[in-house]
Every structure is written in structure tokens, then in C-alpha cells.
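Input: a single structure, listed below in C-alpha cells.
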Amino acid sequence: MRSGIAWVSWMCGVALAASSCGTEPTPPVEPDPCAVPADVEGEDEDGDGVADLCDNCPATPNPDQLNSDWDEVGDACDDDKDDDGYLDVDDLCPLVYHPLAEDADGDGIGDVCDPCPRGEDGSDRDSDGVDDCADLCPDLLDPENIDSDGDGVGDACDVCPLVADASQLDSDGDGDGDACDEDAAFSVVEATTSSIQAAIRAGDVTCAEVVEAHLDLIQRRDKDTADGAPLNAMVMVNPKARDQAAALDAYFAREGELKGPLHCSPFVVKDLFDTAELPVSSGSLSLVDSRPGADGFAVGRIRSRGAILIGTTSMDEFSKGIYGVSSRSGRAGNAYDGDRNAGGSSSGSGVAVGSSFAVAGLGTDNCASLSVPAAYNGLVTLRSSTGVVSLGGIFPSSRLDAVAGPMARTVRDLALFFDAMAAHDPAYDMTRLRDGARPESYLAHLDSDGLRGRRVGVLRSIGRGTTEDYKNAFTRADTHTHQVYSRALGQLEALGATVVENVFLDDLNMRRSGEGAAQDIDAYLARVDGPHSDYRSMCKSDQISKWAKNSDERCDSNHLRATTIGRIGGDSYDSIEERYAENAAYIASVMDAQDLDALVLPVDAYGAARTQNAKTNCVVTSVSGTPSMNIQVGFSEDSPAMPIGMMFIGRRYSEPLLFELAYAYEQGTRHRRPPRRAFTSDDGRDVPPLDVAEFNAAGLEIGQLAFSEVLEDADSRFALSGAVFRLLVQRVTRARGWTWAVEPAP
């Protein structure tokens, strides 16, 4: 463990059900005699006013006691101030940890700290006297370089100079950006709960029309192959969505008020959430007919507040992976580029919300399954502390690191849906948390000034026993992505935060475990109406993709171990729970030692979605039960440009603070911009209303075709590439006469 960082006691464990947790006595904390080094008397060899006992450089004057890498060796006498293995004299970024030492332009300044990493130093395209890399309007003469709203776009070229809008969206092309255009007409594309409800109150639209418009987008776009592989976000559409919208309209007409805070807010759920209308397959043909017959806890609470369930979404089979491939539905395509990774395992929910098929989408996460699809599809999400949200009514995965949560296009919508989900479930003991773990409302913590006065640590190095490649949280980013990350850190400072460099979690135990999953699956399958009643029967099915299937022998041994050695409440389970609790305490101790409110690091060190490779930083929260919040910080330089995400990590139960930070960053930058994909129906052709039964049947046919022709025998999920899947989908859509999804205009 890095010296100088004390561990703190962890009294309450990880998601324990003990109601006395908040009342247990706390052991006394020994005072630190060097808390204020200058106040300690004793020998002072270097005469800098700090006694040698507490001086991190006793032979070199350093009254400020600066220690950039927190290694107990002060900067004044430390030859490697960022602890990256390069002596300062040879280090291209001596104060920022960067063991790969990238320097794209060869100017002797490393990419991670170079404001002009591609040799833009001294270039001035518009001849206004401001270097391009510092020019907020590099193609427009603007010597003043003023940016009134602080969004990184100079007033001279800003479509909303007084409202943050880094994305510079102007949907109607009138010169007024969407962020400040009061005349913009209501549209379901990029619609929010607030915009929908405002339009309903104004009489401009009914809930039935809102739902029909979302269904129309799904009909036109979900299976379209005009611009590469299809989105394929949806597994099934809710056959009762239209009726439920009509019921809300009747309620509004009768009562004169909205039914709840989510009135007519369309949402989708990953295909492992129980709903009253639809089956749950967990991404597998082996469970295609499993029907729970009732809403799970989270879905029920959301619907009770007026939200409309649009349908279920595609996922990685049994949540195994982050690529959105399954026997049930084939392959999900990224909202911005269908041939790229959609993320996973909550793939379809991310794609659906990114494509405006819904305002929000529910997913689950053991590691990266919320954060990655949200980041890849330009969304915000919250992976909450373990136990804050019930897993009741959700097809199980390992309960020790599993969470459920929403994805949305705005932090406000995220808070609205999280408010509904975050509650104690009497049927799920892990949600019985200590007093104060959940506030009355997370919506109350949306503070546009929430970054001011906060200290945010840049998490550069992670994990005991990990390879150097994965130990470095920023490794693999290209030069442009490094610049995006650096600009995001600068924006945090511009919005009032203090950014603390070189935070290390080197002693975090990165081992993950899946104890309890098979036991929970047995219990789940025993209560639903479906083809399999237990784990062994399910995993021996011949309707599971080869890459996701265990052998029969492995199935038996896994089940035996899970129900004996790894059983819930057994010694192995308890030891893992204790290990995760120790990790949470360690993270808190590092943050305490540096007086940090949150940590920040990339969701995926690569930045934007790629075709296959990913390098996620999800393990930190998975092995500790601490929360993380996604923010969108910019776009790649690909064509099309792809979203890039970072995340805040906090102490356990610090979700309210994370909402404050994320909302302040969103409001101060507004990076979000919708995908600009081409669709066949963009030519204005007539498209029939979505036929729910036909759409759902086509989705199943596509999954069965992908399974029989590729996934049944393929050892790798990547055999179902975007190009291969596109051809399979075209076979189905052409056979059904869906000319609006596949045929060019005559």
C-alpha cells in the first residue's frame, strides 16, 4: 500500500441488511501529529519551518510540503514527481502520470499535458493573433477570444453565446442554437420528460401522439440497413403501450393534472426486467417463452409515476459481455454508427435512448454494463452503490456486484427515473440500508453550481496485480482523445472545481467473483412460467450461443459449486463481501487523505466506441460497491464523430453529490448532440404504423436466423459482424415487404 494513506474502519459491510448499522460505535481515531506540519516542534535541518519529523524533504527547503504523487516524498526532493517511472529530467509531463509518454508532434511535451498535441503551436489560421489551439473561434477573426457562457466556443461563432452549448446544435437552421431557441417546435427526437409534459399541458400534443411518434421512429429506424448494420435496439414492443397512453390522456382530461412526475415519459427496459406484458429472455433463445406475468419492483414504481413502457431491448446473452450479441436478437448497432460497438451488456437500452426511441432506458451492471453503452451512445447513467436499487424482478447475475439503473439523455431525466427506482424493497433484503443512505429525492440535488468548491481527483493508476496496460486508466487513448480528456478537466476547473492530479488506487484488490448467481437463477426460474425451471436445465439447452454456453459437465460443476461452496451466506460468499467492503474503505481512505469529493477517469480509455476492442475502467466500482456517474465530455474525430465519456466515482452512498457534479458539468457544457445517421425513409416515403405483432415476430425471426447461421456454432461472438448481420436482417425485412427499411427509393 502507498505509504502515508491510512485505512479507515468499515463498520457496515457491503449492502448488509443489519438495521443497527448506523448506530454501532465508531472506534476512536488517533490524532495525526503532523496534520499541520509547521505546528510541530523539533529539529529543522533545512530551516524551512517544518520539523524534520513531519518534513517530506527534511534536507531540502519546502515549506509548502507539495507532494504531487502522494508518496511521502515532497516535490522539492522527488526526482519523479508523478511516479510514472520517468525521472523529471526525462519526463515529457513531469507532473502528470503517463507511463507511455506519447508525444505525437515530437515537441518534447507529452500528449496528456500538451495543449497543442499535434503541432498547432504558433499556428493562427484566422490571423487574429490567437494561436489556434487556444482560439475559441479558430476560423473567425476574433482577437478578443471572449466566451461568455464558458462552453469552449467563442462568442463570435457561438449560436448561443449566453447559454452553454458546446455541441452547437441548431436543428432548424435559424441561427439560434437549440439551447436558446424559444421558437423551436416540439419534437420527440431528443424529447425530455419536461418537454413532453410542457407540450401536453399546452395542448400541443396528447400522450397518445407522443407514444405513436416514438413507435414511428422505431418502425422507421430500428431495422433499417441503409447506413450499415441496423440499430436493432428493440427485442419486443409493448402491445399495450398505445392503450396505456390513451388511459393517461383520459386521466389528464378528467383530473386536469398529470398523473405523476413521469407522466407520459416513454421508457424501455433491458430484456431481463420483469414486466406484466412481455417475456424475459435474458438475451437467450433458451428462455424466449419465459413469462413473469407481473412488473418487477423498479418497473412497477416507474409505471406508478406515469411512465409508459415502450418495450424490451437487446443485450449480451446472459449479460456475458459488452458487445450486444445474443441468440435472442442477434447484434445491436451503435446509435451513431451501426457497425461500431453498441456497448453492453445493456446494449439495446443505450441504443434506444441514444436514438430517441425512449426518454430513458433501464439496464443492469456488474461491470461496465451501464457505463459503457451510455458512454458509447452519448448518454448519462448512474451505477449506484450496491443495494440502493432493488434487484427484485430482474433475471439474476452475481448479486455481490450487480446494480440496476437508468440511462438518459439528460441528468434531469436520469434523476427522475432514479428517484422512482431507489427505494427499499421489503422482498429484497439488500436494499435495507442505513439511515440517510437514500435522500428523499435525488432531483433536489440538481445544482447548476454543484462543481464550485469541489475537489476532484484524476484517477491515473489502479489495481494490485494488474498489468501495466490496465493499471493505467488513461492508456490507449489517441492524441485527440487525450486532448478531449484534458479539456474536460479544464472545464471542471472553469466551473469551479479544484482538479487534483495523480490519484492512485494501487492497493485496490481487483479480483471479481460471481458467488450466488446460480442459486439466484434457480429461485428466479422456479417462479416464472417458462421452458426451464432451474439453472442446470437452462444452461444445458441447445438454444444458447456456442460462445456463451458452458459444456454440460461445466454446467453441472458450476451449479454444484454455486449451491455448496459458493452459496449465498456461505464462507466463500462472506469473504468476497468482506473483500469488497475493504475495497470501499480503501477508496474512501485515499479520498479522505487528499480531501477529495470525487474521482474522475475515462469510461473507456480508448474514448469512443470501436468495432471490437474496449478497455473499460469499470472494475473500480464493481469490486467496491461504490457509485459512478457518467458524463459526456466530447466527440472523437472519426466520421461520424463518436461520443466520448468520463465518469465520476464517489464514496458509498454519495449519489446525491454525484448528481450535483454531473448536472453542473452538463449545464456548463452541453456536449450532447444526437446521431446523424441516414435512414431509407428519410426520402419522405410513407411508412405504415407499427404493427406490434408483426414487429415482434420479425425480431424473433432475426434472432433465430442469426443463431442458426452464425452463433450456434461460432466460438466467437465477433463472427456475427455488422456486415454479416446486416445481410441477415435484409433477408427478413425484404421477405416481409418492409421496403421502408431496406429498399432505395424508385
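With respect to being hydroxyl-bearing (Ser, Thr, Tyr), more than 28 Å from the chain's Cα centre (by Cα), modelled with pLDDT of 95 or more and in a helix (DSSP H, G or I), SER681 falls outside the description. Scanning the stretch 230-266 for residues that are over 22 Å from VAL280 (Cα atoms) and among the aliphatic types (A, V, I, L, M) gives ALA245, ALA246, ALA247, LEU248, ALA250, ALA253, LEU258, LEU262.
With the condition kept exactly as written, say whether any residue in the stretch 168-179 is in contact with a strand residue (DSSP E or B) (Cβ under 9 Å, 6 or more places away or on another chain), polar (S, T, N, Q), closer than 25 Å to ILE644 by Cα and at pLDDT 90 or above. I'd like the intermediate steps shown before the answer.
Start the filter on the stretch 168-179 by keeping residues that are in contact with a strand residue (DSSP E or B) (Cβ under 9 Å, 6 or more places away or on another chain), which leaves none.
No; the residues of the stretch 168-179 include none that is in contact with a strand residue (DSSP E or B) (Cβ under 9 Å, 6 or more places away or on another chain), polar (S, T, N, Q), closer than 25 Å to ILE644 by Cα and at pLDDT 90 or above.
Conditions (1) without any contact (Cβ under 8 Å) to a residue 60 or more places away in the chain; (2) in a loop (DSSP other than H, G, I, E, B); (3) within 30 Å of LYS471 (Cα to Cα), marked per residue:
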position	(1), (2), (3)
GLU41	yes, yes, no
ASP44	yes, yes, no
ASN56	yes, yes, yes
ALA59	yes, yes, no
ASP71	no, yes, yes
TYR86	yes, yes, yes
VAL96	no, yes, yes
PRO115	no, yes, yes
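Does the stretch 332-341 include one or more residues that are among the hydrophobic types (A, V, I, L, M, F, W, C), touching a strand residue (DSSP E or B) at 6+ places or on another chain (Cβ under 7 Å) and more than 24 Å from SER286 (Cα to Cα)? No, there is no match, as no residue in the stretch 332-341 is among the hydrophobic types (A, V, I, L, M, F, W, C), touching a strand residue (DSSP E or B) at 6+ places or on another chain (Cβ under 7 Å) and more than 24 Å from SER286 (Cα to Cα).
Elements of the type strands (runs of 3 or more DSSP E) sitting completely within the stretch 588-668 and holding at least 2 residues that are modelled with pLDDT under 95 and either crowded, with 24+ Cβ neighbours inside 10 Å or out of contact with any strand residue (DSSP E or B) (no Cβ under 7 Å at 6 or more places or on another chain) (or both): there are none. Within the stretch 527-543, restricting attention to residues that are surrounded by fewer than 16 Cβ atoms within 10 Å (Cβ to Cβ) and under 32 Å from the mean Cα position of the chain (by Cα), the residue that is nearest to PHE707 (Cα to Cα) is ASP534. Suppose the filter is part of a loop (DSSP other than H, G, I, E, B) and within 17 Å of LEU379 (Cβ to Cβ); does ALA352 pass it? Criteria not met by ALA352.
If you go through the stretch 48-94 and keep only what is closer than 28 Å to HIS482 by Cα and surrounded by fewer than 16 Cβ atoms within 10 Å (Cβ to Cβ), you end up with LEU66, ASP79, GLY85, LEU87, ASP88, VAL89, ASP90. Within the stretch 541-569, the set of residues being of a type outside the set (D, E, K, R) and free of Cβ contacts under 8 Å to residues at least 12 places away in the same chain comprises ASN550, SER551, SER557, LEU560, THR564, ILE565, GLY569.
Filtering the stretch 296-332 to residues that are among the polar types (S, T, N, Q), surrounded by 24 or more Cβ atoms within 10 Å (Cβ to Cβ) and not in a loop (DSSP other than H, G, I, E, B) leaves THR312, THR313, SER319, SER326.
The C-beta contact set for the stretch 507-526 (first residue without any contact (Cβ under 8 Å) to a residue 40 or more places away in the chain and more than 19 Å from CYS618 (Cβ to Cβ), second residue among the polar types (S, T, N, Q) and part of a loop (DSSP other than H, G, I, E, B), distance under 9 angstrom, 6+ apart or interchain) comprises ALA526/SER533.
With respect to the conditions (1) out of contact with any Gly (no Cβ under 7 Å at 6 or more places or on another chain); (2) modelled with pLDDT under 90, ASP131 falls short on a single one, namely (1).
Looking at the stretch 724-742 only, could you name the residues that are touching a residue at least 24 places away in the same chain (Cβ under 8 Å) and not polar (S, T, N, Q)? Those that are touching a residue at least 24 places away in the same chain (Cβ under 8 Å) and not polar (S, T, N, Q): PHE725, ARG726, LEU728, VAL729, ARG731, VAL732, ARG736, TRP738, TRP740, ALA741, VAL742. Restricted to helices (runs of 4 or more DSSP H) entirely inside the stretch 387-500, those with at least 1 residues that are crowded, with 23+ Cβ neighbours inside 10 Å and modelled with pLDDT of 95 or more are 411-421, 479-494. Would a scan of the stretch 224-239 turn up a residue that is in contact with a Leu (Cβ under 8 Å, 6 or more places away or on another chain), surrounded by 17 or more Cβ atoms within 10 Å (Cβ to Cβ), part of a loop (DSSP other than H, G, I, E, B) and outside the structural domain of PRO531 (by TED's automatic domain parsing)? Within the stretch 224-239, one or more residues are in contact with a Leu (Cβ under 8 Å, 6 or more places away or on another chain), surrounded by 17 or more Cβ atoms within 10 Å (Cβ to Cβ), part of a loop (DSSP other than H, G, I, E, B) and outside the structural domain of PRO531 (by TED's automatic domain parsing). Scan the stretch 98-113 for residues that are out of contact with any strand residue (DSSP E or B) (no Cβ under 7 Å at 6 or more places or on another chain), part of a loop (DSSP other than H, G, I, E, B) and surrounded by 16 or more Cβ atoms within 10 Å (Cβ to Cβ) and the total you get is 7.
The values are calculated or read from the model by the stated rules, or taken from the named source; none is laboratory data. The model shown is predicted, which means the values in this text are computed figures rather than measured ones. We place every Cβ from the backbone using ideal geometry, glycine too, and count neighbours over all the protein chains shown.
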